[in-house]
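The values are calculated or read from the model by the stated rules, or taken from the named source; none is laboratory data. Not measured: the values here are computed from a predicted model. Cβ sites come from the backbone with ideal geometry, for glycine too, and all protein chains shown count toward neighbours. Each accessible area value is taken on the protein alone, full model and side chains, heavy atoms only, with ligands, DNA and RNA left out. Shrake-Rupley method; radii C 1.70, N 1.55, O 1.52, S 1.80 Å.
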Amino acid sequence: MKKIIYIWLVRIVSWLAHFKSTDQVIYLMSFADNLDFIRQLADRLPQRVTVYYLPGAQAGAKQLAAEGITTQPFQDSIGFALHGVPVLTRAADIYLDNYYAFTAGLTRRPNQRMIQLWHAAGAVKTFGWGDPQTVKRSAGDQRRFQAVYNQITDYVVGADKMGQVFADSYHVPMARMRVLGYPRSDRYRQSKWVQQTAAAIYQRYPDFKQQEVILYAPTYRAGVQFALPTDFDQLQLRANQRLIIKLHPHLASQERDLQARFPDQVTLVPEFSTDELLTVASTLISDYSSVVFDYALLPNCQKMIFYVFDWQYYEREVGLQADFKEWAPGPMVTTMAELNQVLAAPAQPMQLTNFNQLWNTRNDGHAGERTLAYFYPHTTTHEQ
């Protein structure tokens, strides 16, 4: 009931505000991993960009604010509905990096664009109408979900494949898909960023340079504690192999617990993000995480392993893309014995041409500039 009342409040405030318009551009930020694109956007549109950020993205917002970009904290509240919603309603463009339920109540003006820059380059898990839990929700919830999906005028994606996933998952037309490339992926195609990031990691952890770094980055399991299989202590690593476990930031305490339980197998690297650690990993162990699409863009990508010990539960409760097994660029293992066998095999450069053509078609390092040129063709960067 609270959600329904809140959406109605947003709807009323937004309708009252929609008679006026501005040239402002709003970026709604829940993930602080697309900062380079936000900088490019602010540079292209001086004095026009404001970043509204959720608490979890505060660190990134501080960086942007220090560089002169206007930032504003927000979360669903009466205050935001009364003071933030009018700003969004009158804006020329709104960028979204996630699902924001309150947008179901916005009155979108005819020329206003709501542009989705999703927080992942591809999809292993299902979402929207593909999520098996969606059909179990009330009719009112389902109408609210669809109202959010319908608000989005432009979906920026890196490949037709991801566009089709959005069209199917959100019940929206393919005509709304903009296959321009995924801006957040640009860094993985920029040798300077890759080299500088790897150098910083090696400076802090010099042993990594002589070791085969194995990064284990499982997906975030919403609402549950991450639990490794009981036979994890049977993991076998060669002397030159180092296993780094990187869980979701919300599970930092569980990382420490895992290291305490398995001190001989687990290494923690809290100073660097998963994105950064990909630059030094010769092997990636994941499961249903979108991190595999990023790793496939890096020159050091040698081996991907899908450790899907809870496959049946996950497929039933969360949902997986129907063709996942067809395009997964690595073996799927469910037991520790199988994982040990794959880890024991020598790592070597992977043949990822087909995979990248499918999912990373336009993730070529220039997605950000191409996206800006598409939406703002008559502007140039401020520096120019």
Tell me, yes or no, whether the stretch 313-331 has at least one residue that is of a type in the set (Val, Ile, Thr) and farther than 30 Å from Lys136 by Cα. no
Looking at the stretch 93-119, which of its residues are of a type in the set (Gly, Ala, Ser) and surrounded by 22 or more Cβ atoms within 10 Å (Cβ to Cβ)? Gly105
Does at least one position in the stretch 43-65 carry a residue that is buried (at least 18 other Cβ atoms within 10 Å of the Cβ), within 17 Å of Gln112 (Cα to Cα) and not β-branched (Val, Ile, Thr)? yes
Within the stretch 330-384, residues open to solvent by less than 40 Å² (accessible area, probe 1.4 Å), of a type in the set (Phe, Trp, Tyr) and part of a helix (DSSP H, G or I) come out as Phe355, Trp359, Phe375
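A quick yes/no check of all residues on (1) modelled with pLDDT of 95 or more; (2) touching a strand residue (DSSP E or B) at 6+ places or on another chain (Cβ under 7 Å); (3) surrounded by fewer than 17 Cβ atoms within 10 Å (Cβ to Cβ):
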| site | (1), (2), (3) |
| --- | --- |
| Val135 | no, no, yes |
| Asp141 | no, no, yes |
| Tyr155 | yes, yes, no |
| Lys161 | yes, no, no |
| Asp186 | yes, no, no |
| Lys192 | yes, no, yes |
| Ala198 | yes, no, no |
| Gln203 | yes, no, yes |
| Pro206 | yes, no, yes |
Give the stretch 289-309 a look and list any residue that's assigned to a loop (DSSP other than H, G, I, E, B), more than 20 Å from Ala337 (Cα to Cα) and either open to solvent by less than 40 Å² (accessible area, probe 1.4 Å) or free of Cβ contacts under 8 Å to residues at least 12 places away in the same chain (or both), or say none. Ser289, Ser290, Ala296, Leu297, Leu298, Asn300, Cys301
Out of the residues in the stretch 1-42 meeting the condition of being open to solvent by 70 Å² or more (accessible area, probe 1.4 Å) and aliphatic (A, V, I, L, M), tell me which one is farthest from the chain's Cα centre (by Cα). Leu16
Within the stretch 93-133, count every residue that is among the charged types (D, E, K, R) and in a strand (DSSP E or B). 3
Could you grab the pairs with beta carbons closer than 8 Å, sequence gap of 6+ or different chains, first residue in the stretch 63-80 and in a loop (DSSP other than H, G, I, E, B), second one open to solvent by 50 Å² or more (accessible area, probe 1.4 Å)? Glu67/Arg39; Ile69/Arg39; Gln75/Pro55
What are the pairs, 6+ residues apart or on separate chains, where a residue within the stretch 34-52 that is on the phi < 0 side of the Ramachandran plot has its Cβ under 8 Å from a residue that is assigned to a loop (DSSP other than H, G, I, E, B) and open to solvent by less than 10 Å² (accessible area, probe 1.4 Å)? Asn34/Asp97
Which condition number does Gly130 fail, the rest of (1) more than 24 Å from Val157 (Cβ to Cβ); (2) open to solvent by 30 Å² or more (accessible area, probe 1.4 Å) being met? (1)
Filtering the stretch 256-277 for residues that are in contact with a Phe, Trp or Tyr (Cβ under 7 Å, 6 or more places away or on another chain) and farther than 24 Å from Pro229 by Cβ leaves a count of 0
Considering the stretch 81-92 alone, what residues qualify as being of a type in the set (A, V, I, L, M, F, W, C) and outside any loop (DSSP other than H, G, I, E, B)? Ala81, Leu82, Val85, Val87, Leu88
Number of the exception - Ala227 against (1) at pLDDT 80 or above; (2) assigned to a loop (DSSP other than H, G, I, E, B); (3) open to solvent by 20 Å² or more (accessible area, probe 1.4 Å): (1)
Can you pull out the residues in the stretch 81-92 that are surrounded by fewer than 21 Cβ atoms within 10 Å (Cβ to Cβ) and of a type outside the set (Gly, Ala, Ser)? Leu82, His83, Pro86, Val87, Arg90
Looking at (1) closer than 22 Å to Ile201 by Cα; (2) touching a residue at least 24 places away in the same chain (Cβ under 8 Å); (3) not small (Gly, Ala, Ser), which is the only condition Pro263 fails? (2)
Quick check on my filter: what residues within the stretch 265-281 are open to solvent by less than 20 Å² (accessible area, probe 1.4 Å) and of a type in the set (S, T, N, Q)? Thr279
Could you tell me whether Gln312 is open to solvent by 30 Å² or more (accessible area, probe 1.4 Å), in contact with a helix residue (DSSP H, G or I) (Cβ under 6 Å, 6 or more places away or on another chain) and not acidic (Asp, Glu)? no
Test Val172 against the criterion of being part of a loop (DSSP other than H, G, I, E, B) and modelled with pLDDT of 95 or more, and give yes or no. yes
Exactly one condition in (1) assigned to a helix (DSSP H, G or I); (2) open to solvent by less than 40 Å² (accessible area, probe 1.4 Å) is false for Leu247; which is it? (1)
